[in-house]
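*Asks:* Attaching a single structure in structure tokens format; questions to follow.
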Amino acid sequence: MTTAQAKKVFIETYGCQMNVYDTELIKSILISNQFGLTNSETEADIVMLNTCSVRDNANRKIQNRVHEIKHAKKDTLIGVLGCMATNFKTDLLENKSFPIDFIAGPDSYKTLPSLINSLLTTGNQQYDVTLSEFETYSDIQPTRQDGVNAWIAIMRGCNNFCTFCVVPYTRGRERSRNPQNIVEEVKQLVKDGYKQVTLLGQNVNSYRYEQYDFTDLMKMVSDVEGIERIRYTSPHPKDYPIKLLEVMKERHNICNQIHMPLQAGNDRVLHKMNRTYGKQEFLDLVSQIKTIIPNIAISTDIIVGFPTETETEFLDTYDVMENVQFDSAFIFKYSERPNTRAAQKFPDDVSEDDKKSRVIRLNDLQNTMSLKKNQALIGTTQAVLIEALATKKSSNEVQGRTDCNRIVILPKQNQELGQTLPCLITDATRNVLKGSV
Ligand code: SAH
Ligand code: SF4
Ligand code: F3S
């Protein structure tokens, strides 16, 4: 066996922005331990899958992926990282022939170099899935590639235990990063030419470090000279700080956009989900938000078909969506997750057909509302931050976003990445705006 130092690593990332951020941390850890990185799976000696387990048959998908990689090149070493690490550790211990070479959980990335070294010297499978109450990786500068947008995890883990959700089990307890340390990272990002940061946490409202809360942190980040746009995701409706709205209103570099997961609109279902707010409380919160910041964009996440949800209860969700007029929404079918309280206590009893029909109805409603909202912007001028010098469809177009997080497509002229330009909105679909400079 050779040493790790000659090895090239390819990382494939699944799941949410937190995982994308973690991949950037992992890259830094690997680089400072003399590993090489590659964007090509076939060139790689080691493939790491940074996994997600929030929905669907994620296990099977990753198992298939593992077999596919081994099939393509027998001597590729495969590591499973991220939120499925604990699951796979059990699989590995029960089935030694399963072709995973090492496993590292979300709090174990600093041990990756030594795990791989042990693997290379002993030839034995290695794992570390210990969850930490302290690890925040605040001493590691992520290896970022974007150049315009940067994500910063301000906290890790979750203590909310929504009954459907696996995250508190995969990522462990809440812990927050030192705000000074976050501010230093933002200052460095500005020096490196970044224009926008998004602060990440499972529930950013729970951010707390000594006497500092989330609103304090937002003020400190907003005070950093040169940072043009600040976003955050996600807050939880149960404890959204109203004082933050005043800060958002007075600070031009905090974007007028909030992603506020509703999950369901019915009180009984919300209670069973352990969300600790009700329909009316959510509606009151939204109306407070809109009163303080009238032109704010609000997006959300919804789960349909939570155990025992009836058609009438589902219509409460429909009602809230119609009432709030979200700018966009991610709508999911309930997916039973092993070990969660819902999986232990409530049989997954809403039929697949009912779940499908509920998703379709909410998507139809949202599509109509999104189109209407986007069309209302035709004829207005929006400040657009240029994020890409080509679109998926064309190299003659560039793409950017408005303050409210809407995608705008512009004809390519001589725009530069990271520029903010006033654009006239000329056309709209439900997903994008078209404009001219
Ligand atoms: N911490 C974030 C959510 C992270 S998971 C928050 O609370 O806002 C992202 C979304 O996945 C959730 O908002 C929820 O809508 C969805 N989700 C989580 N668990 C799910 C499950 N078991 N089935 C279906 N959707 C789920
Ligand atoms: Fe999951 Fe709820 Fe925590 Fe979000 S707040 S990560 S939905 S347990
Ligand atoms: Fe994110 Fe999926 Fe883990 S949504 S927190 S990568 S379970």
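No value in this document is a laboratory result; all are computed from the given coordinates. This is a predicted model, so every value here is computed, not measured. Heads up, the Cβs are rebuilt from the backbone with ideal geometry, glycines too, and the neighbour counts pull from every protein chain shown.
*Asks:* If you stretched the chain out fully between Tyr318 and Ala388, how much longer would it get, using 0.36 nm times the residue separation minus the C-alpha to C-alpha distance?
*Replies:* Stretched fully, the Tyr318-Ala388 segment lengthens by 21.7 nm.
*Asks:* For the stretch 258-376, take the alpha-carbon Rg, divide it by the Kirkwood Rh, and send me Rg/Rh.
*Replies:* 0.98
*Asks:* In straight Cα distance, which aspartates and glutamates are under 17 Å from Lys238, not counting same-chain residues fewer than 8 positions off?
*Replies:* Glu174, Asp213, Asp267, Glu281, Asp284, Asp301
*Asks:* Here's a follow-up. Val384's amide H: which non-local residues (gap 5+, or another chain) put their own amide H closer than 5 Å, with H modeled 1.01 Å from N in plane and none for Pro or chain starts?
*Replies:* Under 5 Å from the amide H of Val384: Leu421, Cys423.
*Asks:* If you count, for each residue, the other Cβ atoms within 10 Å and average over each peptide, how do 18-24, 422-428 line up from highest to lowest?
*Replies:* 18-24, 422-428
*Asks:* Can you sort Thr130, Thr300 by how many other beta carbons sit within 10 Å, fewest first?
*Replies:* Thr130, Thr300
*Asks:* Okay, next question. If packing is taken as the mean number of other Cβ atoms within 10 Å per residue, what is the order of 155-164, 241-250, highest first?
*Replies:* Highest-to-lowest ranking by the protection proxy: 155-164, 241-250.
*Asks:* Sticking with this structure for a sec: Rounded to the nearest 0.05, what FRET efficiency do Glu352 and Arg268 give with R0 = 25 Å and r taken as the Cβ-Cβ distance? Could you check?
*Replies:* The formula returns an efficiency of 0.70 here.
*Asks:* Let me ask something else about it. For Gln257, which sequence-distant residues (separation of 5 or more, or a different chain) have an amide H within less than 5 Å of its own amide H, given hydrogens modelled in the peptide plane?
*Replies:* Those lying under 5 Å, H to H, from Gln257 are Ala297.
*Asks:* Take the alpha carbon gyration tensor of the stretch 52-126, find the square roots of its eigenvalues, order them as a ≥ b ≥ c, and report rounded if a/c is under 1.5; if not, report prolate when a/b exceeds b/c, else oblate.
*Replies:* Because a/c hits 1.5 or more and a/b fails to exceed b/c, the stretch 52-126 counts as oblate.
*Asks:* Hey, another quick one. Calculate one ³J(HN,Hα) per residue across the stretch 129-138 by plugging θ = phi - 60° into the Karplus curve 6.51 cos²θ - 1.76 cosθ + 1.60, and present them in order as whole Hz with x for glycine and proline.
*Replies:* 10, 4, 9, 10, 8, 10, 4, 10, 6, 6
*Asks:* Moving on to the next point. Going by amide H atoms built from the backbone, whose H comes under 5 Å of the H on Tyr277, apart from near neighbours?
*Replies:* Under 5 Å from the amide H of Tyr277: no residue qualifies.
*Asks:* Mind scanning Lys110/Lys272; Lys249/Lys372; Lys73/Lys412 and naming the pairs with a C-alpha gap bigger than 30 Å?
*Replies:* Those over the limit are Lys110/Lys272; Lys73/Lys412.
*Asks:* Going by a ≥ b ≥ c, the root eigenvalues of the Cα gyration tensor, does the stretch 144-255 fall in the rounded group (a/c under 1.5), the prolate group (a/b larger than b/c) or the oblate group?
*Replies:* Prolate, because a/c is 1.5 or more and a/b exceeds b/c.
*Asks:* Let me ask something else about it. Per the Kirkwood treatment, what hydrodynamic radius in Å, one decimal, follows for the chain from the mean inverse distance over all distinct Cα pairs?
*Replies:* 23.3 Å
*Asks:* How big is the antiparallel share of DSSP beta bridges in the chain, given as a percent to the nearest 5?
*Replies:* In the chain, approximately 35 percent of DSSP beta bridges are antiparallel ones.
*Asks:* Using 0.36 nm per residue of separation minus the Cα-Cα distance, give me the extension gain between Glu68 and Glu43 in nm, one decimal.
*Replies:* 7.5 nm
*Asks:* Given axes a ≥ b ≥ c from the Cα gyration tensor, I'd like to know whether the stretch 4-128 is rounded (a/c under 1.5), prolate (a/b larger than b/c) or oblate.
*Replies:* Rounded.
*Asks:* Here is a further query. Using θ = phi - 60° and the Karplus curve 6.51 cos²θ - 1.76 cosθ + 1.60, what whole-Hz ³J(HN,Hα) does each residue of the stretch 215-224 get, with Gly and Pro shown as x?
*Replies:* 5, 4, 4, 4, 4, 5, 5, 5, 6, 5
*Asks:* Along Cα→Cβ, 7 Å out, is where each label goes; now give me the distance between the ones at Lys187 and Asn57 in nm to one decimal.
*Replies:* 5.2 nm
*Asks:* Determine ³J(HN,Hα), in whole Hz, for all residues of the stretch 51-57 in sequence, where each value follows from phi through the Karplus function 6.51 cos²θ - 1.76 cosθ + 1.60 and θ = phi - 60°; x replaces Gly and Pro.
*Replies:* Each residue of the stretch 51-57 in turn: 9, 10, 10, 6, 8, 6, 8 Hz.
*Asks:* Determine, at each q value in 0.13 (inverse angstroms), the log₁₀ of I(q)/I(0) that the Debye formula gives when each Cα of the stretch 381-436 is one equal point scatterer.
*Replies:* Listed by q, the Debye log ratios stand at -0.24.
*Asks:* If you bin the C-alpha pair distances of the stretch 315-396 every 5 Å from 0, what whole percents do you get?
*Replies:* 3, 11, 15, 13, 16, 13, 11, 8, 7, 4, 1
*Asks:* By the scheme Lys and Arg +1, Asp and Glu -1, what is the net charge of all other residues having a beta-carbon under 14 Å from that of Thr38?
*Replies:* 0
*Asks:* Right, here's the next one. If r is the Cβ-Cβ distance from Lys96 to Thr143 and R0 is 35 Å, what FRET efficiency results, to the nearest 0.05?
*Replies:* It comes out at approximately 0.55.
*Asks:* For Lys290 paired with Glu133, estimate the spin-label separation in nm (one decimal), with each label point 7 Å from Cα along the Cα-to-Cβ line.
*Replies:* 4.3 nm
*Asks:* Residues with beta-carbon under 11 Å from that of Leu199, excluding Leu199: net charge, scoring Lys, Arg +1 and Asp, Glu -1?
*Replies:* It works out to a net charge of +1.
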